[in-house]
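Following: one structure in structure tokens, then a few remarks.
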Amino acid sequence: MAEKKTSARKATSSADTFTEEERAAMREHAKAQRASARARAKGESEEPAVLEKLAEMDAADRALGERLHALIRANAPDLAPRLWYGMPAYAKDGSVLCFFQDAKKFKSRYATLGFSDKAMLDDGQMWPTSFALRELTAADEARIVALLKRAVG
């Protein structure tokens, strides 16, 4: 009689796989997706949701996020503001190109400006796609504007 083999794999739940912050981000993403679909169906801008999210941030991250928002709107007006995993993001033709992650979101020591793979930042075989932010100088802002222009293509 053949013995019945049992699987060595243990079933895992999302509680075992993802941190609470990651699960919260996924819930926020689902909520944002529904809100985004409603806004698009009505022909409305998603900018108010982005501004509301920025207003909820701690003072230092809020200042960074609001400055980035202003830079992006002024220098890449074709990018549409929207929420992406609960973060302010900016999309072209429905695809997120860049986003702002506040430090508190994943208990990090710095905020992040990130670019998705849709951003046209390719430079050889290796290039940065995210940048740690603590404050923005005029030189930093000029670099971000240059990155935005490249990212949009």
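Testing the spin-label approximation: label points 7 Å from Cα along Cα→Cβ at residue 74 and residue 16. State their distance in nm.
It works out to 5.2 nm between the two label points.
What GluC sites (Glu not before Pro) does region 51-153 have in DSSP loop regions with at most 16 other beta carbons within 10 Å?
Counting only loop positions with at most 16 other Cβ atoms within 10 Å, the GluC sites (Glu not before Pro) in region 51-153 are 56, 135.
Between residue 35 and residue 134, how many nm apart are label points set 7 Å from Cα along the C-beta direction?
Rounded to a tenth, the inter-label distance reads 3.2 nm.
What FRET efficiency, computed as 1/(1 + (r/R0)^6) with R0 = 30 Å and r the Cβ-Cβ distance, is obtained for residue 93 and residue 143, rounded to the nearest 0.05?
My answer for the efficiency is 0.75.
Gain in length, residue 47 to residue 108, computed as 0.36 nm per residue apart minus the alpha-carbon separation, to one decimal in nm?
19.4 nm
Let me know the shape class of region 92-153, please: from the alpha-carbon gyration tensor, a ≥ b ≥ c as square roots of the eigenvalues, rounded when a/c is under 1.5, otherwise prolate if a/b is greater than b/c, or oblate.
prolate
Of all trypsin sites (Lys or Arg not before Pro) in region 53-153, which ones are in loop regions per DSSP and have a Cβ with at most 10 other Cβ atoms within 10 Å?
Hits after loop and neighbour filter: 107, 109.
Quick one: which residues, 5 or more positions from residue 133 or on another chain, have an amide H under 5 Å from its amide H? H modelled 1.01 Å from N in the peptide plane, none for Pro or chain starts.
111, 112, 113
Can you list the DSSP H helices in the chain whose Cα atoms extend at least 15 Å along the helix axis and whose mean Kyte-Doolittle hydropathy is -1.0 or higher?
59-75, 138-152
Treating only the Cβ atoms of Lys and Arg (+1) and Asp and Glu (-1) as charged, compute the dipole magnitude of the chain about its Cα centre; round to the nearest 20 debye.
That gives the chain a dipole magnitude of about 560 debye.
Working from the pairwise distances between different alpha carbons, so that the mean of 1/r is found and then inverted, what is region 18-152's Kirkwood radius in Å?
Answer for region 18-152: a Kirkwood hydrodynamic radius of 15.2 Å.
Please give the residues of region 81-122, grouped as numeric ranges, whose backbone N is less than 13 Å from a label point set 7 Å along the Cα-to-Cβ vector of residue 24.
Correct set: 86-87, 102-108.
Could you give the length gained by full extension between residue 150 and residue 126, i.e. 0.36 nm per residue of separation minus their alpha carbon distance, to one decimal place?
Using 0.36 nm per residue and subtracting the Cα-Cα distance, I get 7.1 nm.
Every read-out reported here was derived from the displayed coordinates using simple, explicitly stated rules and does not represent laboratory data. Quick caveat, the model's predicted, so the values are computed rather than measured. Note that each Cβ is placed from the backbone with ideal geometry, even for glycine, and that neighbours are counted across all protein chains shown.
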